[in-house]
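Just so it is clear, none of the values below were taken in a lab; they were calculated from the coordinates. Remember, it's a predicted structure, so these values are computed and weren't measured experimentally. No Cβ is skipped: glycine too gets one built from the backbone with ideal geometry, and neighbour counts run over all protein chains shown.
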Amino acid sequence: MSAEELLSLVRGGETSLIQFKENVTNAVSIAQEMVAFSNSKGGQILIGINDKTGEATGLSFQDIQRINNLLTTAANEHVKSPIIIETETVAVKDKQVIVVRVPEGVDKPYKDNSGLIFVKNGADKRKVTSNEELSRLLQGSGNLYAEEQILHHCTYEDLNWDKFKRFYETTYQETCEWEDRDRIFENLRLGKGGKPNLAAALLFTDKPDKTLTGFFITAIWFWGNELHEHEYRSSDNFKGNIAEQYQQAYSFIYAALRKVQAGQSFNSLGIPEVPSVVLEELLVNALIHRDYFIKDTIKLFLFENRIEIKSPGKLPNNLTTEQIKRGIRKKRNNILDSFAPSLLNYRGAGSGILRALQAHPHIDFINDVEAEQFTVIIHRPEEKR
């Protein structure tokens, strides 16, 4: 790193990716900072920078030797699992500054020696105490999957057996009998010990209020272009298995769309202002790829000039909005992804976003990492008067 690059980081101030330290004397304290970075997006610690003024106060040769040894001890002995860091000394106006690079971890959650788990919270860090957040950290490292959670309060009787039987016999070309349900569901990773998991309920539930509490779509059609707390044209909750939720949400949006003549004859049926393929692909993506560790609904908001689909959870595994627009995908819910092509209008090849953009380029994607939310905004054509 050059001196100018370092100064550019300093001018930007402390963030969730950059932290200043004037000096470091405590291995336990700096290890907790490393834990927070490892459990988040990684980052850099600049040692020799005053965190109040941003001034480069610098370090002596003895300080540099001592701090590098302390950093190695902290990363190896005070972070569980141990992490690998990189350090570099950069000269800034005759002042020596240590740059510590802490990568995002692949074995989350990381802890300090006391078993405490930290994540970055803006420029600061905070302790993780909720089971839900801990589950998301485990999910991020591939050690736990929301869809595989066993629903201990449910049984296979809470699923639509006829729907499952049709799916199974069509897909696998063999008979499916009720008395074989335990073996079949376990083989398909849809349950264990006579209990369905979340994926089974999402695909085949017959009792959504029991099996899928909180996992549904909230739809509101607003007047104008602003979100109002008390006034709306229409509002509904769409419950059921994901195929039923999809169909209800699609019908809700389709009914609200303007059907335009688009150069056709007067007697022709109008064409939806937003192509159907856009609604199909983006609704299915919201249902298949949302984060099911976050017990919240998908929000579907209709305005005069746009449609917003807000899904719980950021994009998985460091995926970016630019990557999804190029057809790159990383799966979060493997079971749902494998079953969806047989139950929904879903191909699972990562081409859904591309098809939506080809049909209607006026779509924005917002990945809010801090809020743990992914938003799709479909801009509606301006109405001709």
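Side notes on the structure shown:
- By the count of neighbouring beta-carbon atoms within 10 Å, fewest first, His362, His152 end up ordered His152, His362.
- Computed per residue of the chain from DSSP H runs no shorter than four, each worth -39500 (n - 2.57), the mean residue ellipticity at 222 nm is -10000 deg cm²/dmol.
- Exposure proxy order (Cβ contacts within 10 Å, fewest to most) of Val99, Val284: Val99, Val284
- Taking region 3-129 and dividing mean pair separation by its residue count, relative contact order in percent (alpha carbons under 8 Å, at least six apart): 33 percent
- 5 angstrom amide H check on Thr57, placed H, neighbours 5+ away: Ile49, Asn50
- DSSP finds beta bridges in the chain, and of those with both partners inside it, around 85 percent are antiparallel.
- Counting neighbouring beta carbons within 10 Å and listing from fewest to most, the residues Ser130, Ser16 come out as Ser130, Ser16.
- When the C-alpha to C-alpha distance is required to be over 28 Å, the pairs from Lys195/Lys295; Lys111/Lys195; Lys95/Lys127; Lys207/Lys295; Lys108/Lys163 that qualify are Lys111/Lys195; Lys95/Lys127; Lys108/Lys163.
- Cα-projected label distance for Glu132 with Arg166, points at 7 Å along beta-carbon direction, nm: 3.5 nm
- Each Cα pair under 8 Å and six or more residues apart adds its separation to the average, and for the chain the resulting relative contact order is 12 percent.
- When you filter the trypsin sites (Lys or Arg not before Pro) in region 73-119 for DSSP loop state and at most 14 other Cβ atoms inside 10 Å of their Cβ, you are left with Lys93.
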